[in-house]
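Have a look at this one.
The values are calculated or read from the model by the stated rules, or taken from the named source; none is laboratory data. As the structure is a computational prediction, the values presented were derived from the model and not from experiment. Every residue, glycine as well, gets a Cβ built from its backbone with ideal geometry; the counts of neighbours run over all protein chains shown.
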Amino acid sequence: MAEIKVAVRIDSIPVKLPKALQLAAQCGATAVELCARTAVRPSDLSDTGMRQLRKMLDDLNLRVAALRFPTRRGYDNPRDLEQRVDATKAAMRLAYQLGANVVVNQIGTIPESEEDTGYQTLKAVINDLGRYGARVGAFFAAETGSESGERLAELLDESEEAFVAAALNPGQLIVNRHSPADAISALKERILVVNAVDGVIDLAAGRGISVPLGQGTADFPELLGRLEDFQYRGYFVVGRREMAKESVLEELQQGVEYLRSL
């Protein structure tokens with residue numbers, strides 16, 4: 001497999017952006033995933049702010065691997081949907097300006113029935129974001145989560161006119177008792193970024209939990225082999241929102257080193 005490209009999820013580091021970028025570089029990453037809700041809000045980033053951000057990145061030899069744009073509700077929920085879609089498109093434009101080709105978010109729960117109003121709403125939004133991505137030069141990537149990779153692929157494959165990518169999150173799949181390997185087989189070339197998160201089922205608690213990279217049940221060597229079948233050349237993003245503040249840097253550095261050792 002080609003050399004693994006490792007990025008750090010900046011919103012997992014509980015310090016201000018300039019210091020977080022420095023720490024990401026110190027961890028050995030070559031790129032970062034920025035949050036378009038906190039670190040770089042499209043509505044707040046002026047031309048001067050954009051130049052300053054680019055200079056900080058250049059000085060640290062960092063690229064932007066992706067933007068993350070979490071929303072309070074999924075795209076199946078009609079409440080404030082138009083504003084949510086417009087804000088997502090703004091994040092896609094910003095991603096392109098920063099040299100990234102992908103914006104990551106979970107799309108919401110996929111209803112079982114295709115006749116469900118939520119399913120039709122979700123399908124329409126996916127098509128809209130897919131067409132917009134082709135125009136603006138940065139794609140929307142649906143992050144794997146509550147649904148299986150196969151179910152997500154079924155929805156994304158319905159559109160023949162627009163391309164929506166996928167962000168593979170093995171840890172979230174494991175937490176929800178889905179197979180990361182099967183997700184890769186289903187999503188194939190749609191996978192443009194991998195959120196390198198691990199997970200495990202806590203039998204005592206009866207639920208899944210995310211854990212540091214390499215300490216869960218995700219078989220990353222196998223997953224890398226499966227990704228190679230589809231000539232994956234994107235980034236592996238290290239970092240979890242659930243990391244303990246006192247061990248964030250240690251976990252990030254260990255995650256970078258773990259991936260580089262594969």
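I need a count of the residues in the range 202-217 that are at pLDDT below 90 and over 19 Å from Leu249 (Cα atoms).
Selection size over the range 202-217: 8.
If you don't mind, another one. Applying the selection to the range 197-221, what residues are surrounded by fewer than 16 Cβ atoms within 10 Å (Cβ to Cβ) and either in contact (Cβ under 8 Å) with a residue 60 or more places away in the chain or charged (D, E, K, R) (or both)?
Matches in the range 197-221: Asp202, Arg207, Asp219.
Also: Could you list, in sequence order, all residues of the range 231-262 that are touching a strand residue (DSSP E or B) at 6+ places or on another chain (Cβ under 7 Å), of a type in the set (A, V, I, L, M, F, W, C) and not in a strand (DSSP E or B)?
If the condition is that a residue be touching a strand residue (DSSP E or B) at 6+ places or on another chain (Cβ under 7 Å), of a type in the set (A, V, I, L, M, F, W, C) and not in a strand (DSSP E or B), then Leu252, Val256, Leu259 are the ones that fit.
A further question on this structure: Among the residues of the range 76-86, write down those that are part of a helix (DSSP H, G or I) and out of contact with any Lys or Arg (no Cβ under 9 Å at 6 or more places or on another chain).
Once the filter is applied, which keeps residues that are part of a helix (DSSP H, G or I) and out of contact with any Lys or Arg (no Cβ under 9 Å at 6 or more places or on another chain), the range 76-86 yields Glu82, Gln83, Val85, Asp86.
What is the number of the single condition among (1) within 15 Å of Ala166 (Cα to Cα); (2) out of contact with any Phe, Trp or Tyr (no Cβ under 6 Å at 6 or more places or on another chain) that Arg73 does not meet?
(1)
Name the helices (runs of 4 or more DSSP H) wholly inside the range 108-190 in which the number of residues that are without any contact (Cβ under 8 Å) to a residue 12 or more places away in the chain and of a type outside the set (Asp, Glu) is 1 or more.
Result: 117-136.
Follow-up. Can you pull out every residue in the range 97-112 that is within 17 Å of the chain's Cα centre (by Cα) and surrounded by fewer than 18 Cβ atoms within 10 Å (Cβ to Cβ)?
Gly99, Thr109, listed by residue number.
Can you tell me which residue in the range 163-175 is farthest from Asn195 (Cα to Cα), limited to those that are touching an Asp or Glu at 6+ places or on another chain (Cβ under 8 Å) and surrounded by fewer than 24 Cβ atoms within 10 Å (Cβ to Cβ)?
Ile174
Tally up the residues in the range 176-191 that are surrounded by fewer than 24 Cβ atoms within 10 Å (Cβ to Cβ), within 13 Å of Tyr232 (Cβ to Cβ) and of a type in the set (A, V, I, L, M, F, W, C), please.
So the answer is 2.
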